[in-house]
Amino acid sequence: MPFLDSLPKTFSQAALPRELAAQAVTVRIRWFGLIVGYLLVNLEGIASNRPVLNAILALGTLYAVLDTYFHLRQQAFLSKWPLFISVMEATFIGLLCYFDQGLSSSFRFYYLLSLLVCAIRYQPSTTYTTCGLHIISYLTLAALSFPLQREQVTATILMPVLMGWVTWACVSFAGLLKYAGQRLAELNDQLQQNQLLLEDRIAERTRELQESQALLVQHEKQAAFGLLAAGIAHEVGNPLAAISSLVQLLNRREQDEYTRERLHMVDDQLRRIQRTLRELVDFSRPATKAVSACDVHAVIDAALNIAKYYKRRKGKQIVTNYCTGTPPFRIVRDQLVQVFLNLILNAMDATPEEGLIKIETEYSDGWLKIDIIDNGSGIRPEDQEKIFQPYFTTKPTGTGLGLFVCQRIVQHEMGGRFELTESTSAGTTFSVWLPEHSQFDSEPIPLPVQMPLVSGN
């Protein structure tokens, strides 16, 4: 976590295993004790015993070097034998006191320092056992100092009491630190979980925003296309009306057979152009959200009538195989026309010259299944999971919104299903399931159990 980097080094060690973190503290305490010990021996100690005391401190230094070496390797020295370490420290401190000033030696406070280190590093039972070993070491030192003076008797009584009190205090303090460390770890885990949850929510909201933006772009393009188509129809319609009137006037006059046939052909072509303009205006008019009972097959035919003007329609065969006995479906007609038109245009783009596009329907248990099948080269496996994402396209001039909008309309607006059911090198099949009773009705029909999940969700 970034905020741990801003804490002091002592607190950042909480991220280490507890034993290694305690080891880091004990190593510093041991070196502190050794440095103070050398100062006491060489500045205030008994001159005759300095070589012995320095030799004892040298052994302690050797142990501290080994302890530091293992700590730098992220290991704890003699971690499996804590009582052996306690025996060595009790002996080490007792020898320092014996060769220094006996019961009055300043090294007797090393017993308290050793208990502090033990409480930080080991379990309470080990610390209390170490306290007992230190008391035995101190009492042994007292036995070797007989006869005792009055102040030595007082020190002999008070020092074990002080060791016991320090042991209890250090164990309690170490337990508090351990509890605080555990709570910090728990809170840190909760913080990480909340952070992951927040990131997931941000990603979800970002995805929803991108989808809304994609729908808005699509609607704006459709509105612009509607205005353009209406303008074209108006500009072309007026000259066509004038030409049609002139043709009708000429037909009223006496004409030879050749001229009459040619005027009749001109009139037929004018009617064809007018019919095309009406289809263009009908498709480009502002979409309505009105729900009505519609024949889905008629909606598919309407989409086919619009798609026949697509430049890539030439040379491709479209075959429809509609089931019979299909009831009217309560849907938004304009939206469903857009869905089928997008799928038909995509199939035309994917189909080679002289290719075949099949549209099949099947009605069962209140659901109408519509399959749009082409014999193109298929969709690459690595792209099949992305085709329903907004702005993803494999076409040089595509917007990447067609399939995304289709899925949104079918699933979110009509309560149906829309998926890529098959795509191989032999062709591609997209399937649409529409419920006879949608969310516009009071009692929608549940999905069939055998229906697969939607791809890309």
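Look through region 128-154, keep the residues that are within 14 Å of residue 88 (Cα to Cα) and not aliphatic (A, V, I, L, M), and return whichever of them is surrounded by the most Cβ atoms within 10 Å (Cβ to Cβ).
134
Select from region 361-373 the residues that are more than 19 Å from residue 302 (Cα to Cα) and crowded, with 17+ Cβ neighbours inside 10 Å and write down the one among them that is farthest from the chain's Cα centre (by Cα).
363
Among the residues of region 311-360, write down those that are surrounded by 16 or more Cβ atoms within 10 Å (Cβ to Cβ), over 27 Å from residue 411 (Cβ atoms) and touching a strand residue (DSSP E or B) at 6+ places or on another chain (Cβ under 6 Å).
356
Of the residues 379, 409, 372, 344, only one is assigned by TED's automatic domain parsing to the domain that holds residue 317, β-branched (Val, Ile, Thr) and assigned to a loop (DSSP other than H, G, I, E, B); which? Break it down into steps so the answer makes sense when it comes.
Numbers: 409 fails: assigned to a loop (DSSP other than H, G, I, E, B); 372 fails: assigned to a loop (DSSP other than H, G, I, E, B); 344 fails: assigned to a loop (DSSP other than H, G, I, E, B).
Answer to the selection: 379.
Do you know which residues across region 35-57 are exposed (fewer than 15 other Cβ atoms within 10 Å of the Cβ), modelled with pLDDT of 80 or more and of a type in the set (Val, Ile, Thr)?
Answer for region 35-57, where residues must be exposed (fewer than 15 other Cβ atoms within 10 Å of the Cβ), modelled with pLDDT of 80 or more and of a type in the set (Val, Ile, Thr): just 35.
Can you say whether residue 90 is assigned to a helix (DSSP H, G or I) and either outside the structural domain of residue 139 (by TED's automatic domain parsing) or surrounded by fewer than 18 Cβ atoms within 10 Å (Cβ to Cβ) (or both), as far as the supplied structure shows?
Values: assigned to a helix (DSSP H, G or I): yes; either outside the structural domain of residue 139 (by TED's automatic domain parsing) or surrounded by fewer than 18 Cβ atoms within 10 Å (Cβ to Cβ) (or both): no.
No: the conditions fail for residue 90.
When you check residue 150 against the structure, is it basic (Lys, Arg), modelled with pLDDT under 85 and within 17 Å of residue 83 (Cα to Cα), yes or no? If you could, list the steps in order and put the result at the bottom.
Details: basic (Lys, Arg): yes; modelled with pLDDT under 85: yes; within 17 Å of residue 83 (Cα to Cα): no.
Considered against the rule, which asks whether it is basic (Lys, Arg), modelled with pLDDT under 85 and within 17 Å of residue 83 (Cα to Cα), residue 150 comes out as no.
Is it true that some residue in region 382-400 is farther than 26 Å from residue 436 by Cβ and assigned to a helix (DSSP H, G or I)?
Within region 382-400, the first condition is being farther than 26 Å from residue 436 by Cβ, and the residues that meet it are 382-387, 389-400.
Add one more test, that the residue is assigned to a helix (DSSP H, G or I), and what stays is 382-383.
The answer is yes; a qualifying residue exists.
Could you tell me which numbered condition residue 311 fails, if it satisfies all but one of (1) in the same structural domain as residue 413 (by TED's automatic domain parsing); (2) at pLDDT 75 or above?
Among (1) in the same structural domain as residue 413 (by TED's automatic domain parsing); (2) at pLDDT 75 or above, residue 311 violates only (2).
What number of residues within region 351-368 are at pLDDT 85 or above and touching a Gly at 6+ places or on another chain (Cβ under 6 Å)?
So the answer is 1.
Scan region 190-206 and tell me whether some residue there is over 20 Å from residue 130 (Cα atoms), under 32 Å from the mean Cα position of the chain (by Cα), touching a residue at least 24 places away in the same chain (Cβ under 8 Å) and part of a helix (DSSP H, G or I). Spell out how you get there, then give the answer.
Of region 190-206, the ones over 20 Å from residue 130 (Cα atoms) are 190-206.
Retained after the next criterion (residues that are under 32 Å from the mean Cα position of the chain (by Cα)): 190-206.
Filter again for touching a residue at least 24 places away in the same chain (Cβ under 8 Å), leaving 191-192.
Now narrow it down to the ones that are part of a helix (DSSP H, G or I): 191-192.
Yes; the residues of region 190-206 include at least one that is over 20 Å from residue 130 (Cα atoms), under 32 Å from the mean Cα position of the chain (by Cα), touching a residue at least 24 places away in the same chain (Cβ under 8 Å) and part of a helix (DSSP H, G or I).
Which members of region 142-176 meet the condition of being within 53 Å of the chain's Cα centre (by Cα) and touching a residue at least 12 places away in the same chain (Cβ under 8 Å)?
Those that are within 53 Å of the chain's Cα centre (by Cα) and touching a residue at least 12 places away in the same chain (Cβ under 8 Å): 166, 167, 170, 171, 173, 174, 175.
All but one of (1) of a type in the set (Asp, Glu); (2) touching a residue at least 40 places away in the same chain (Cβ under 8 Å); (3) in contact with a Gly (Cβ under 9 Å, 6 or more places away or on another chain) hold for residue 371; which doesn't?
If we test residue 371 against (1) of a type in the set (Asp, Glu); (2) touching a residue at least 40 places away in the same chain (Cβ under 8 Å); (3) in contact with a Gly (Cβ under 9 Å, 6 or more places away or on another chain), just (3) comes out false.
The values are calculated or read from the model by the stated rules, or taken from the named source; none is laboratory data. The structure displayed is predicted, hence computed values, not measured ones. Quick reminder, even Gly has a Cβ in these numbers, built from the backbone with ideal geometry, and neighbours come from all protein chains shown.
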